[in-house]
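Q: Dropping the structure in here first, questions after.
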Amino acid sequence: MTDAPILTRDLLIASFQDYGQPAARWRVGGEFERVVVRRDGRPVSYEGADGIRAILEHLRATDASWAPVFEGDALIALGKPSGASITLEPGGQVELSGAPHRSLRALAAELEENRAHLLSFAEGRDLLYLSAGLSPLAPIDTIPWMPKGRYRIMREYLPQVGDLAHWMMKATASVQANYDYADEADAARKVRLAAGIAPILTGMYSHSPVAEGRLTGFKTFRGHIWTRTDPARTGFPAPLKDGFTFEKHVDLLLDVPMMFTKSGGVWAPARGRTFRQWMAEGIGGRFPTWDDWGLHQTSVFPEVRIKRTIEIRGADAAPVPLAVAFCAFYAGLFYDRAAADGALALVDALDAAGESREAQFDAATRAGMSAVVAGRPLRDWARDLGALAHAGLARWSPGEDVLLDPLLERLDSGRSLADDVLDAFARDPSPAALLRAVAY
């Protein structure tokens, strides 16, 4: 007996409209990845008294509201009814995906609490957390894989289409944020805004100029790595550039080759099938469910990702004040109409220069805030956007605009965190000094 098809293209398109929220209910959720290393920069394994699993067990012990998530015998995540979770990236990076918040101060408090628990476990142990966009010392082949089924498949699939795919999986870390939209028109405005300024954001938050103890020639090597991971599921696909609609977005997702499926807790490679083919033909007599659709969406990684919310993905990991400011920055631009209009006017100017989004992004990865984009220094675009975000946030959430101050100070100086790391590296290129420069 086979399962009957339950999903159709029209149902998938309609689901995105159902995800819309009225403006009074708009919230912000942050996602914060941290690289974990030994105090000499060596990678950390999953097992052991001070391994990655032990970190998860400590976090669970400090807060009984965390529920464990297992895959077989492996503890791979923690979750809360609020929607918050703690998960593992392929190389042992520990990620807090926070609950959605109306208050940015609540978001900041959640992050600070998590940071405090992480640091309490590391005290007296051979552990160090890093806030950089890339593990700066460990050779990529020495970083162990975490015991998650999807990663076993991804580690085989992605290197076939991207020569730096294992770097992306095992060595990178970022800060991301999620935002609500009201309807398709509002989603289209926010997607156009976020995709248009993505190269500027990448330069602003560049923080990964060193890999394997050597200069990479990039201010954000993490950003460059993503351009060499899988062109079918990363970067700036057509819906991010040619006028976003839910229909175009669904068609993109339907035709991206799937990496994996999961049924009865068992992961299997998709072997080049698309979700569209799965809906039409089934796989082994099974047709996809809504859970399968949700899982597939997590395997597509454009610079701006649309699921139930709009996810902004282009920033290297940063210290807590700048990570919070990242979340506040887009809240100010997205959730105030005047600020959004001003930012969209800047997107028009960026597009009018005739440079491709990819070329602007490449310039930002190489030179950070010193890049020249659309005929202007990237730092000047960034200052204009910072002023708009500050004014917008003051109107949307009065009193919380001060959370943008660490970023605005950076924009005034014209320096990203990568510039600080490069200065420190020039003074003292020792591993110990480099780790001090990026410690969490």
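Just so it is clear, none of the values below were taken in a lab; they were calculated from the coordinates. None of the values given here were measured: they were computed from a predicted structure. Glycine gets a Cβ as well: all are built from the backbone with ideal geometry, and neighbour counts include every protein chain shown.
Q: Kindly put 396, 66 in sequence by how many other C-beta atoms sit within 10 Å of each C-beta, fewest to most.
A: Ranked by crowding around the Cβ, least crowded first: 66, 396.
Q: Let me ask something additional. Give the lysines whose C-alpha is closer than 21 Å to that of residue 307, dropping any in the same chain fewer than 8 places away, or say none.
A: 80, 190, 241, 248, 262
Q: Now, a different point. Can you return the lysines within cross-link range of residue 219? Criterion is Cα-Cα under 23 Å, with same-chain partners fewer than 8 residues away left out.
A: Correct list for residue 219: 170.
Q: Which of these, 123, 311, 89, has the largest mean-square fluctuation under a Gaussian network model of the chain (Cα springs below 10 Å)?
A: Between 123, 311, 89, it is 123 that shows the largest mean-square fluctuation.
Q: While we're on this one: Rounded to the nearest 500, what is the chain's calculated 222 nm mean residue ellipticity when only DSSP H runs of at least 4 contribute -39500 (n - 2.57) each, over all residues?
A: -14000 deg cm²/dmol
Q: Net charge near residue 87, counting Lys/Arg +1 and Asp/Glu -1 over other residues with Cβ under 10 Å of its Cβ?
A: -3
Q: Can you list residues from other chains, or at least 5 along the same chain, whose modelled amide H is less than 5 Å from the amide H of residue 134?
A: 173
Q: Any chance you could check the Cα centroid distance between the stretch 256-293 and the stretch 192-218 for me, in angstrom?
A: 34
Q: Now for a different question. Would you mind ranking 6, 197, 283, 86 so that the residue whose beta carbon has the fewest other beta carbons within 10 Å leads the list?
A: If I rank by nearby Cβ atoms, fewest first, I get 6, 283, 86, 197.
Q: A further question on this structure: So how far apart, in nm, are the two label points at residue 290 and residue 11 if each is 7 Å from Cα heading toward Cβ?
A: 0.9
Q: Test of understanding: extend the Cα→C-beta vector of residue 349 to 7 Å, then name every residue of the stretch 314-342 with backbone N under 13 Å from that spot.
A: Zone members listed by number: 342.
Q: Show me, for the stretch 363-372, the HN-Hα J-couplings you get by feeding each phi into the Karplus relation (A = 6.51, B = -1.76, C = 1.60, θ = phi - 60°), rounded to Hz, glycine and proline as x.
A: Ordered by residue, 3J(HN,Hα) equals 4, 5, 5, 7, 10, x, 6, 8, 5, 10 Hz.
Q: Sticking with this one: Please give the FRET efficiency for residue 341 paired with residue 424, using the beta carbon to beta carbon distance and R0 = 41 Å, rounded to the nearest 0.05.
A: 0.55
Q: Oh, and also: Give, as ranges by residue number, the residues of the stretch 70-113 whose backbone N falls under 16 Å from the point 7 Å along Cα→Cβ of residue 24.
A: 102
Q: Right, next: Quick check on the exposure proxy: order 82, 174 from fewest to most C-beta atoms within 10 angstrom.
A: In order of increasing Cβ crowding within 10 Å: 82, 174.
Q: In whole Å and largest first, what semi-axes does the C-alpha gyration tensor of the chain yield when each eigenvalue is scaled by 5 and square-rooted?
A: For the chain, the semi-axes come out at 30, 29, 22 Å.
Q: Karplus couplings for the stretch 247-252 from phi (6.51 cos²θ - 1.76 cosθ + 1.60, θ = phi - 60°), rounded to Hz, Gly and Pro as x?
A: Coupling constants for the stretch 247-252: 4, 4, 5, 4, 4, 4 Hz.
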